[in-house]
Amino acid sequence: MEADDLLQLLSSRQARRLRVIENLLRGRRTVSTLFWGQRYRLLYLLDLGKALTRGGLDGPAQALVDRQLATWEAEEQPQLRLTPAGVAAQHAAQPFVPQTAVLWPQLDINAARKRLLLGVQVVSEYQHQTKRYYPLATDLATRQLVRRWFYQSDRQQLGTALQATLTRSLARLPERVATVTVAGFTGYQQPGLTNQQLAVRWQTTAWQVYLMHIEAVVTIAQAAQVATDPLSGLLGPLWTVPVTKSAQATLAAVQAGGTLDQIARQRRIKPSTVREHLLEAAIMLPEAAFPYERLLPATTQRTLLALLPAAIDDWTYTDLAPAVQAKIDFFTFRLLAIWQDKRGDSHGKSNG
Amino acid sequence: MESLTASLERVFGYTTFRAGQQAALTALEDQKDTLAVLPTGAGKTLIYQLYGYRHPGCVLVVSPLLALMNDQVDRMRVAGFRQVAAVTSLTSFTERQEILAQLDQYRFLFLSPEMLAQPAVLSRIQQISLSLLVVDEAHCIVQWGPDFRPEYLLLGAIRERLGRPLALLLTATADHTTRIEIAKQMRVTPTVVAEPIDRPNVFLDVETVANETEKRERLLGLVSQLQTPGVVYFSSKQQATDTASWLQEQTGLAVAAYHAGLSSEDRFKIQQQFMQDDLAVICATSAFGMGIDKNDIRFVIHYHLPADLGSYVQEMGRAGRDGQTSVAILLYAPGDERLPQALNETNRPDDVTIRRFYATPQHFSLEEPGIRLLTFYRDHGISEPAVHALFERRERERRAALDRMVAYVREPTCLRQNWLTAFDQTAPDHQAKTCCAPGGQDLDITALGLRRTPAEAVTAPNSDWQTQLAGLLTAAPAVPEG
């Protein structure tokens, strides 16, 4: 990720922790990372930079500061805030803004992309009756799945059907996204262009190209949710609930009526783990899918809201009086913040 | 059993062997351990492919480069060998388990030395019948073993634990000392099959420049004039990347970088683009090459000084495999030997670290390659003084190898003779026009017939995405005959 890409993830109205952005990209799903990811409206970054090393954003961040587009804010963790020049640069760059981002955490994007690319290549070579070709280097599981999908499909129709569904999906996207996506495909007499090469051709960055690819993959996978879509067998199963299995089980137990301590005993997990599971579920699921009212009695809400500042980002648990902390635990405090955010707290929309 | 030639024709459709292949196969058929020193492009893989085809059991190939192994597996699949797998540290746990569980189904198995040294893997392999143990790029045993791939040093012992299967050691580059060292490490007394390594169609050139700026200028000049495709080698990923985009801007040629830092998808795409001539020039690190089968590479330029002549020969040997005139150019600025020197030193833990490590090994992180190396030695019962001695010896060897490389650069008369003598071979008489241009002598690209004719402008495909997608997924209608 280059400095110009990081620029797009920052804001002038909200100081953002560099480590949170890094951890989102690297797929480190701690509750704290997820919570701030939600606050920054950056949850779509989850897992998108698996190869990023720890500290991998430090260089780009410092470059932005050196160019006076952002400043460091001293906190317990380094936070970045855009300067007015940074805001101007952000808008001038005319970045690609994904429209399907809210869906990204619900799809195993890396697997979907690998399957789609190999699937397209296999069908392309088959259509041109190439017996011997180099398949895209990928893992065994993907190879086996694509092979099975290919042999279970009606191969006579597959080329036409695949072309039709891809055309329909890509036509819904901006022309540039469709063009970049198809140019990145590998197939008959087309090795495909790398993100870097596409970036040069389109005068953008490799990261932006990558985001366009994902936008396309998600759009194509959306169409594959229909059973008759030729890609349904390949991509359909990759849609998931964006919450770990274990957290889902905890949530189900809460919805069935248990108290948190009962559930901890029942599920043989620590009470703190129960709370982490619930916070994770609250962040990652739509408001309606989580029993906020049950876990946050109206009186608790009123008490807390009366004591806390208006802007959620300014809420600090340790600023509460010890007597309040004794009555209201961190879990309740954080859950209220998540709920306030989901209910459309005016301070929540701080992107840009 | 059918003759080797009959097998060759049946499996590969060729009627004659390339130099060295038959001699190596004949030795193996006689159950003799074999060290085959064959030039790059001689078709070394065919030797074990054909042997594996002719004999029951599994051919186990120990190979150094993770990326290369997957390439090899793909290439074998493309060539029609289906029961092939590779297990490396890049292989996922599930995939590894699956392959190990069904090991007896594979006829060819590629492993990294690190993987083979794992007790669980080794004990699985002990249960299957091996027809042949191949060590590919066997010079790595000597070149890399002591410094950062210590598992290479276990191969001799591992072979014994596997019941001493027939061994085939393959390399493109091994002088007399290296051959002896390989045999010693592998605990074999091999039949040596060596072919002349000279590449008469590759013109050798060393150019001395004053400094980095001049070197860049010269590189640009060369790339602008020379016939493509070509490869420029660098010692650093970053410089390969930066120079690739700079050259593309400056020359208008299609240039891309290739190094181990790219994703496997990108490496695949760049390789295939180069293979089908979508790319004119690749700016690469040493990660590029082993396993690249492109015959018409017209130039190989080295921007940085390689650490030893063997590596240089290996890389420049990718030029002109089709037998057509090609050129290998080494650009040298005074002081260039400092970079390989520094790279050597960073690989190796210093005396203080060694002492402290042996005193309190638990205080060190295995993440660092130097510590990993020390842990390996310590775990294998090698004492602190012995490790000191070993590193010192390696240091001397590396310095000697680098001096050898510098001697090539400074050679005043005939580069070919300098090179071939170092590999115990006799050089043909020097012919200035076709042999070489040592430092200080001008390279005449036109006389070599390697000057690029004004290029037809490369036009990017202009078709819209719909047409491009249709081209991928719809077969072109058959052209009616007559």
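Hey, does the stretch A:97-118 have a residue that's of a type in the set (Asp, Glu) and surrounded by 14 or more Cβ atoms within 10 Å (Cβ to Cβ)? Steps first, please.
From the stretch A:97-118, those of a type in the set (Asp, Glu) are A:108; that's our starting set.
In the following step, the residues that additionally are surrounded by 14 or more Cβ atoms within 10 Å (Cβ to Cβ) were identified as A:108.
The answer is yes, given that some residue of the stretch A:97-118 is of a type in the set (Asp, Glu) and surrounded by 14 or more Cβ atoms within 10 Å (Cβ to Cβ).
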Exercise. Within the set of pairs 6 or more residues apart or between chains, which connect a residue that is assigned by TED's automatic domain parsing to the domain that holds A:Ala137 inside the stretch A:179-191 to a residue that is surrounded by fewer than 22 Cβ atoms within 10 Å (Cβ to Cβ) and among the charged types (D, E, K, R) with Cβ atoms less than 6 Å apart?
Worked result: A:Tyr188/A:Glu125
Problem set entry | Index of the failed condition, A:Gln325 passing every other in (1) more than 12 Å from A:Thr250 (Cα to Cα); (2) in contact (Cβ under 8 Å) with a residue 40 or more places away in the chain | (2)
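Out of all the residues in the stretch B:326-377, which are hydroxyl-bearing (Ser, Thr, Tyr), part of a helix (DSSP H, G or I) and surrounded by 14 or more Cβ atoms within 10 Å (Cβ to Cβ)? Walk me through how you get there before you give the answer.
First pass over the stretch B:326-377, keeping only residues hydroxyl-bearing (Ser, Thr, Tyr): B:326, B:332, B:346, B:353, B:358, B:360, B:365, B:375, B:377.
Cutting the leftovers down to part of a helix (DSSP H, G or I) gives us B:346, B:353, B:358, B:375, B:377.
Of everything in the stretch B:326-377, those that are hydroxyl-bearing (Ser, Thr, Tyr), part of a helix (DSSP H, G or I) and surrounded by 14 or more Cβ atoms within 10 Å (Cβ to Cβ) turn out to be B:Thr353, B:Tyr358, B:Thr375, B:Tyr377.
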Exercise. Considering only residues of the stretch B:46-86 that are in contact with a Lys or Arg (Cβ under 9 Å, 6 or more places away or on another chain) and aliphatic (A, V, I, L, M), which is farthest from the other protein chains (Cβ to nearest Cβ)?
Worked result: B:Val59
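Given the criteria within 7 Å of chain B (Cβ to nearest Cβ) and either part of a helix (DSSP H, G or I) or polar (S, T, N, Q) (or both), does A:Val180 qualify? Give the steps one after another, and end with the answer.
Values: within 7 Å of chain B (Cβ to nearest Cβ): no; either part of a helix (DSSP H, G or I) or polar (S, T, N, Q) (or both): yes.
Criteria not met by A:Val180.
A quick yes/no check of all residues on (1) at negative phi; (2) in the same structural domain as B:Arg218 (by TED's automatic domain parsing):
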{"site": "B:Ala333", "(1), (2)": "yes, yes"}
{"site": "B:Thr346", "(1), (2)": "yes, no"}
{"site": "B:Pro361", "(1), (2)": "yes, no"}
{"site": "B:Glu367", "(1), (2)": "yes, no"}
{"site": "B:Gly381", "(1), (2)": "no, no"}
{"site": "B:Phe391", "(1), (2)": "yes, no"}
{"site": "B:Val409", "(1), (2)": "yes, yes"}
{"site": "B:Cys414", "(1), (2)": "yes, yes"}
{"site": "B:Trp419", "(1), (2)": "yes, yes"}
Exercise. Is there any pair linking a residue in the stretch B:340-360 that is touching a residue at least 40 places away in the same chain (Cβ under 8 Å) to one that is among the β-branched types (Val, Ile, Thr), with Cβ under 8 Å and at least six apart or on different chains, and which?
Worked result: B:Pro349/B:Ile371
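One residue is enough: does the stretch B:58-68 have a residue meeting the conditions hydroxyl-bearing (Ser, Thr, Tyr) and under 19 Å from the mean Cα position of the chain (by Cα)?
Yes.
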For this session: From (1) of a type outside the set (Gly, Ala, Ser); (2) more than 23 Å from the chain's Cα centre (by Cα); (3) within 14 Å of another protein chain (Cβ to nearest Cβ), pick out the condition that doesn't hold for A:Leu260.
Result: (3)
Seminar exercise, completed: Here the residues within the stretch B:421-456 that are modelled with pLDDT under 90, at positive phi and either more than 24 Å from the chain's Cα centre (by Cα) or not assigned by TED's automatic domain parsing to the domain that holds B:Leu222 (or both) are B:Gly440
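Restricting the search to the stretch A:88-133, which residues are closer than 20 Å to A:Leu9 by Cβ and in a helix (DSSP H, G or I)? Let's see the steps before the verdict.
Pass one, the stretch A:88-133, residues closer than 20 Å to A:Leu9 by Cβ: A:88-105, A:109-110.
Of everything in the stretch A:88-133, those that are closer than 20 Å to A:Leu9 by Cβ and in a helix (DSSP H, G or I) turn out to be A:Ala88, A:Ala89, A:Gln90, A:His91, A:Ala92, A:Ala101, A:Val102, A:Leu103, A:Trp104, A:Pro105, A:Ile109, A:Asn110.
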For this session: Quickly run through the stretch B:263-279 and pick out the residues that are at the interface with another protein chain (Cβ under 8 Å from one of its Cβ atoms) and outside any helix (DSSP H, G or I).
Result: B:Ser263, B:Gln276, B:Asp278
Problem set entry | Residues satisfying the stated conditions in the stretch A:130-155, i.e. over 17 Å from A:Ala112 (Cα atoms), at pLDDT below 90 and of a type in the set (S, T, N, Q) | A:Thr130
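Report whether or not A:Leu9 is outside any helix (DSSP H, G or I) and in contact with a helix residue (DSSP H, G or I) (Cβ under 6 Å, 6 or more places away or on another chain). Give the derivation first.
Details: outside any helix (DSSP H, G or I): yes; in contact with a helix residue (DSSP H, G or I) (Cβ under 6 Å, 6 or more places away or on another chain): yes.
In short, yes.
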For this session: State whether one or more residues within the stretch B:3-13 are surrounded by fewer than 20 Cβ atoms within 10 Å (Cβ to Cβ), among the charged types (D, E, K, R) and free of Cβ contacts under 8 Å to residues at least 12 places away in the same chain.
Result: yes
Problem set entry | Subset of the stretch A:134-170 [facing chain B (nearest Cβ under 7 Å) and not in a helix (DSSP H, G or I)] | A:Tyr134, A:Pro135, A:Leu136, A:Ala137, A:Asp139
For this session: Inspect the stretch B:316-323 for any residue being touching a His at 6+ places or on another chain (Cβ under 8 Å) and surrounded by 24 or more Cβ atoms within 10 Å (Cβ to Cβ) and give the result as yes or no.
Result: yes
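If I ask for residues that are within 22 Å of A:Gly119 (Cα to Cα) and either without any contact (Cβ under 8 Å) to a residue 12 or more places away in the chain or away from chain B (no Cβ under 11 Å) (or both), which ones from the stretch A:198-216 would you list? Walk me through how you get there before you give the answer.
In the first step, residues of the stretch A:198-216 are kept if they are within 22 Å of A:Gly119 (Cα to Cα); the result is A:198, A:209-216.
Matches in the stretch A:198-216: A:Val209, A:Leu211, A:Met212, A:Ile214, A:Glu215.
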Seminar exercise, completed: By residue number, the members of the stretch A:36-69 that are charged (D, E, K, R) and crowded, with 16+ Cβ neighbours inside 10 Å are A:Arg39, A:Arg41, A:Asp47
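For the stretch B:17-46, what are the residues that are in a loop (DSSP other than H, G, I, E, B) and basic (Lys, Arg)? Write out each step before concluding.
First pass over the stretch B:17-46, keeping only residues in a loop (DSSP other than H, G, I, E, B): B:17-20, B:30-33, B:38-43.
Within the stretch B:17-46, B:Arg18, B:Lys32 meet the criteria.
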Exercise. Of everything in the stretch B:242-262 that's surrounded by 18 or more Cβ atoms within 10 Å (Cβ to Cβ), over 20 Å from the mean Cα position of the chain (by Cα) and at the interface with chain A (Cβ under 10 Å from one of its Cβ atoms), which residue is modelled with the highest pLDDT?
Worked result: B:Ala244
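How many residues are within 14 Å of chain B (Cβ to nearest Cβ) and either assigned to a helix (DSSP H, G or I) or touching a His at 6+ places or on another chain (Cβ under 8 Å) (or both) when one looks only at the stretch A:217-254? Write out each step before concluding.
Keep residues of the stretch A:217-254 that are within 14 Å of chain B (Cβ to nearest Cβ), which gives A:217, A:219-220, A:230-231.
Remaining after also requiring either assigned to a helix (DSSP H, G or I) or touching a His at 6+ places or on another chain (Cβ under 8 Å) (or both): A:217, A:219-220.
Residues flagged as within 14 Å of chain B (Cβ to nearest Cβ) and either assigned to a helix (DSSP H, G or I) or touching a His at 6+ places or on another chain (Cβ under 8 Å) (or both) within the stretch A:217-254 amount to 3.
The values are calculated or read from the model by the stated rules, or taken from the named source; none is laboratory data. From a predicted model like this one, the values you see are computed outputs, not experimental measurements. For neighbour counting, all protein chains shown are included, and Cβ atoms are generated from backbone atoms with ideal geometry for every residue, glycine included.
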